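The values are calculated or read from the model by the stated rules, or taken from the named source; none is laboratory data. Quick caveat: nothing in here was measured; it's all calculated off a predicted structure. Every residue, glycine as well, gets a Cβ built from its backbone with ideal geometry; the counts of neighbours run over all protein chains shown.
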Amino acid sequence: MTKPVAVNVPGNTVVQDNAGDFLLVNIDPGDTDKPCSLPIGVPLTSPPWTDIKTAKITQLGNGDVELTISLYARVPEAPSFFVSYIWQFESRCLFPTPGKVYKDCVVVWWDPDVGHWQGNWRVITSCDPRTIEPGDPVEFRFTKDGVRARVKQDDLMLATSGDKIIWHAAVRRLPFVFAGYPNTIPVDVAPDVLALNSEPPPFMLHPEDPATWVPRP
C-alpha cells in the first residue's frame, strides 16, 4: 500500500494513490438514494486515464499555484462519456468545516454533448439537496499522463476559513448534480476519503483523511 500523503511541506503537497482502486457502482433506478458512480448498465470497469496516480498542489511563485492530477494513462482528446477531474477543497459535503466557502473546487471536465474541454471554479451552494454554481474559468492543460490547472493563490485561499487548504482529488463519470440521483460519487479519489462498504449500511466509509496544503511564508 502506498502512503497517501507522500510530501507535505509549505507550498507543496503530493498525494499518492494505488492503481485500480475504483469506486464502481451502477445507477439503480429502483433505489435512487443509493450511491452510484456509473450510468445504468455500464460494465463495472473504468479506463486507466480515470485512475489517479498522484495529485499535487504546488506553489509556483508570482502569486500562482499549480494543481496536478497524474493518471495511469494519457487522457484522450475526446472521451466517449462524461468525465471530470476535480480538486475538491474543504472536503465539502464529506467533512464540512465552519466558515463561508467562496470557492469549493476546481473542475476540468468533458461532456460529449458539449464537445470540448472546460475548466472552472465551482461553488457548492447546498449539499442536501445538491446544488452547484459555475465560477470563473481556470487555465488548464493536459500532460502525457494527466491534467494541470493554474490558479491564483489569493483565489485558492478563498477556499478556506483558516490558513490551510483541506483537499482531495477526484475523478467523476457522473456529475455531482445528476437529475434524480442525489448521491453520485467519484470513480476514484485521493486520498481515499471514500470507500464502498461491503456490508452496508452505511454504503460509504471514510478510510483516509483529506490532505492539507499551506503556502510558503
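Residue check, ARG141 against (1) in contact with a strand residue (DSSP E or B) (Cβ under 8 Å, 6 or more places away or on another chain); (2) touching a residue at least 12 places away in the same chain (Cβ under 8 Å); (3) not β-branched (Val, Ile, Thr), all met but one. Which one?
It is condition (2) that ARG141 fails.
Please tell me if ARG130 is among the charged types (D, E, K, R) and modelled with pLDDT of 95 or more.
Judged against the criteria, ARG130 is not a match.
Of the residues in the range 45-66, how many are farther than 15 Å from PRO10 by Cα and in contact with a strand residue (DSSP E or B) (Cβ under 7 Å, 6 or more places away or on another chain)?
Count: 8.
For the range 144-157, which residues satisfy the criterion of being out of contact with any strand residue (DSSP E or B) (no Cβ under 7 Å at 6 or more places or on another chain) and surrounded by fewer than 16 Cβ atoms within 10 Å (Cβ to Cβ)?
Answer for the range 144-157, where residues must be out of contact with any strand residue (DSSP E or B) (no Cβ under 7 Å at 6 or more places or on another chain) and surrounded by fewer than 16 Cβ atoms within 10 Å (Cβ to Cβ): LYS144, ASP154.
Just name the residue that is farthest from PRO48 (Cα to Cα) out of those in the range 164-207 that are charged (D, E, K, R) and modelled with pLDDT under 95. If you could, list the steps in order and put the result at the bottom.
To start, the set of residues in the range 164-207 that are charged (D, E, K, R) comprises 164, 172-173, 188, 192, 199.
Next, from what is left, pick out any that are modelled with pLDDT under 95: 164, 199.
On the way: LYS164: 31, GLU199: 27 Å.
Per the criteria, the residue is LYS164.
So, in the range 129-141, how many residues would count as being surrounded by 16 or more Cβ atoms within 10 Å (Cβ to Cβ) and assigned to a strand (DSSP E or B)?
Residues flagged as surrounded by 16 or more Cβ atoms within 10 Å (Cβ to Cβ) and assigned to a strand (DSSP E or B) within the range 129-141 amount to 4.
Is it the case that the range 107-127 has a residue that's surrounded by fewer than 17 Cβ atoms within 10 Å (Cβ to Cβ), in a loop (DSSP other than H, G, I, E, B) and of a type in the set (Ser, Thr, Tyr)?
no
Suppose the filter is of a type outside the set (Phe, Trp, Tyr) and more than 30 Å from GLY11 (Cβ to Cβ); does LEU205 pass it? Talk me through it step by step, then tell me what you get.
On the way: of a type outside the set (Phe, Trp, Tyr): yes; more than 30 Å from GLY11 (Cβ to Cβ): yes.
For LEU205, the condition - of a type outside the set (Phe, Trp, Tyr) and more than 30 Å from GLY11 (Cβ to Cβ) - is met.
Considering only residues of the range 26-58 that are among the hydrophobic types (A, V, I, L, M, F, W, C) and out of contact with any Lys or Arg (no Cβ under 7 Å at 6 or more places or on another chain), which is nearest to PRO76 (Cα to Cα)?
Among those that are among the hydrophobic types (A, V, I, L, M, F, W, C) and out of contact with any Lys or Arg (no Cβ under 7 Å at 6 or more places or on another chain), it is ILE52.
Quick check: is even one residue across the range 36-53 out of contact with any Leu (no Cβ under 8 Å at 6 or more places or on another chain) and under 19 Å from HIS168 (Cα atoms)?
No, that holds for no residue.
Looking only at the range 131-145, count every residue that is closer than 15 Å to TYR181 by Cα and within 16 Å of the chain's Cα centre (by Cα) and tell me the total.
As a first pass, look at the range 131-145 and keep what is closer than 15 Å to TYR181 by Cα: 131-132.
With the extra rule that they be within 16 Å of the chain's Cα centre (by Cα), the set shrinks to 132.
So the answer is 1.
Of (1) within 17 Å of ASP192 (Cα to Cα); (2) exposed (fewer than 13 other Cβ atoms within 10 Å of the Cβ), GLY61 satisfies all except one. Which?
The number of the failed condition is (1).
Just for the range 50-80: of the residues that are without any contact (Cβ under 8 Å) to a residue 12 or more places away in the chain and farther than 16 Å from TRP109 by Cα, which one is nearest to the chain's Cα centre (by Cα)?
By that ranking, first place goes to GLY61.
Residue by residue through the range 165-202, note down the ones that are loosely packed, with under 14 Cβ neighbours inside 10 Å and more than 22 Å from PHE82 (Cα to Cα).
Answer for the range 165-202, where residues must be loosely packed, with under 14 Cβ neighbours inside 10 Å and more than 22 Å from PHE82 (Cα to Cα): ASN197, SER198, GLU199, PRO200, PRO201, PRO202.
Of the numbered conditions (1) within 15 Å of ASP188 (Cβ to Cβ); (2) among the hydrophobic types (A, V, I, L, M, F, W, C); (3) in contact with an Asp or Glu (Cβ under 8 Å, 6 or more places away or on another chain), LEU60 satisfies every one except a single condition; which is it?
(1)
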